[in-house]
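The values are calculated or read from the model by the stated rules, or taken from the named source; none is laboratory data. Keep in mind the model is a prediction, meaning the values are calculated, not measured. All Cβ positions, glycine included, derive from the backbone under ideal geometry; neighbour counts span all protein chains shown.
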Amino acid sequence: MVKTSAPGKLMLFGEHAVVYERPCIVTAVNHRMSVSIDKRNDEKIIVNAPEMNVKDYKISIDNLNGKYSRETAFVLTAVKNFFDKYKCESGLNVETHSEFSSKFGFGSSSAVTVSTLKALSELFNVKISKKELFDISYKTVLDVQKVGSGFDVASAIYGRTLYFVSGGKVIEEMNIDRIPLIVGYTGIKADTSTLVKKVSQEMEKEHEKINNIFNKIENIVIEAKRKIKNSEWSKIGSFMNENQKYLRMLGVSSPELDKLIFSSSKAGAYGSKLSGAGGGDCMIALASDEKRDLVSKAIEKAGGIIIPVETNVEGVRIERQY
Ligand code: PMV
């Protein structure tokens, strides 16, 4: 039996632009997703995913054909991709467990995919590098959801805080300790694919305008990367505000996000923005230790739910093995 876990993530800078060959900055958070896998003596794969209401879902190895329910798609596609690539197979018991709700947008799909593939590589004694784990995990996520830059997959594998370019062209670990981040959940579930499609339609209609916005976001990411290394939080906060301005121009913010963002600024945050695809999910604010309580209260008063997070945490790891 092998049990692995991988962290959720929060996008700090560069969402949407990163789908178009630009960089982003992402930090791993201490809400983890774990997967336990055991071999079976028959040809069956049995999945239990209590948080997704999946109980004893059975499928035989021969029926791993790409058509799965939404709740089991990432795990079963990961298993199939692993069997195909490493020319091995076995019946399996797979059980997933999440420390966070998939509704926050912390990246449960990528974390479960990475945990599953890491556990399989240990179980079948296949030595794979982090980059190889990234490639097979990213392929799995694309097989299921078709779109995505892979930043969430990289974050689940490498952890910490990463400078990342689309498809894993660059995955660079940033050397920092902590980020004084406050996370406010809007209470609204966002659909990443819909928002990515919306931006791609805009890109078709107004290529130059959207491309210019992405160039501006790219500059912000590059500048923010320099300042994060030196923990220049007040400057980083103003970059967040600027990034948010461009996200609004892309049409991916929402009245609920704007309300939380506005209230955090008013309460003295260094800066704030949405995090992820937009349309709902979470916003993030940077604040000094003195202003932390005030900013958190202001976000709550504006209707947000504060989610306590530790940032910059470890990537995928083995929890138990016997
Ligand atoms: O909504 P999330 O947290 O999955 O973030 C999506 C970020 C995008 O840049 C919009 C898409 C991507 O895959 O990079």
May I ask you to list the residues in region 156-194 that are at pLDDT 95 or above, under 24 Å from ILE261 (Cβ atoms) and within 10 Å of the ligand (Cβ to nearest atom)? PHE164
When residues of region 195-223 are limited to those that are surrounded by 15 or more Cβ atoms within 10 Å (Cβ to Cβ) and of a type in the set (Asp, Glu), the one farthest from the ligand (Cβ to nearest atom): GLU223
Of residues in region 126-173 being in contact with a Pro (Cβ under 9 Å, 6 or more places away or on another chain) and of a type in the set (Phe, Trp, Tyr), the one surrounded by the fewest Cβ atoms within 10 Å (Cβ to Cβ): TYR163
Unmet requirement for SER110, which otherwise passes all of (1) over 16 Å from VAL2 (Cα atoms); (2) surrounded by fewer than 24 Cβ atoms within 10 Å (Cβ to Cβ): (2)
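What do you reckon, is VAL309 crowded, with 17+ Cβ neighbours inside 10 Å and within 16 Å of the ligand (Cβ to nearest atom)? Steps first, please.
Numbers: crowded, with 17+ Cβ neighbours inside 10 Å: yes; within 16 Å of the ligand (Cβ to nearest atom): yes.
For VAL309, the condition - crowded, with 17+ Cβ neighbours inside 10 Å and within 16 Å of the ligand (Cβ to nearest atom) - is met.
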For region 96-107, enumerate the residues that are buried (at least 18 other Cβ atoms within 10 Å of the Cβ) and more than 16 Å from the chain's Cα centre (by Cα). THR96
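For region 49-72, how many residues meet the condition of being in a strand (DSSP E or B) and either over 19 Å from GLU89 (Cα atoms) or under 22 Å from the mean Cα position of the chain (by Cα) (or both)? Step through it out loud before you land on a result.
Keep residues of region 49-72 that are in a strand (DSSP E or B), which gives 49, 54-60.
Checking which are either over 19 Å from GLU89 (Cα atoms) or under 22 Å from the mean Cα position of the chain (by Cα) (or both) leaves us with 49, 54-56.
The qualifying residues number 4.
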Go through region 249-263 residue by residue and tally those that are buried (at least 17 other Cβ atoms within 10 Å of the Cβ) and within 21 Å of VAL221 (Cβ to Cβ). 5
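What's the total number of residues in region 73-111 that are part of a helix (DSSP H, G or I) and either within 16 Å of the ligand (Cβ to nearest atom) or in contact with a Pro (Cβ under 8 Å, 6 or more places away or on another chain) (or both)?
Pass one, region 73-111, residues part of a helix (DSSP H, G or I): 73-86, 102-104, 108-111.
Next, only the ones that are either within 16 Å of the ligand (Cβ to nearest atom) or in contact with a Pro (Cβ under 8 Å, 6 or more places away or on another chain) (or both) stay: 73-74, 102-104, 108-111.
Within region 73-111, residues that are part of a helix (DSSP H, G or I) and either within 16 Å of the ligand (Cβ to nearest atom) or in contact with a Pro (Cβ under 8 Å, 6 or more places away or on another chain) (or both) number 9.
For region 133-145, how many residues meet the condition of being without any contact (Cβ under 8 Å) to a residue 60 or more places away in the chain and within 11 Å of the ligand (Cβ to nearest atom)? Lay out the reasoning, then the answer.
First, the residues of region 133-145 that are without any contact (Cβ under 8 Å) to a residue 60 or more places away in the chain: 134-139, 142, 145.
Cutting the leftovers down to within 11 Å of the ligand (Cβ to nearest atom) gives us 138, 142, 145.
The number of residues fulfilling the criteria is 3.
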Within region 88-132, residues farther than 21 Å from ASN30 by Cβ, in contact (Cβ under 8 Å) with a residue 40 or more places away in the chain and among the basic types (Lys, Arg) come out as LYS131
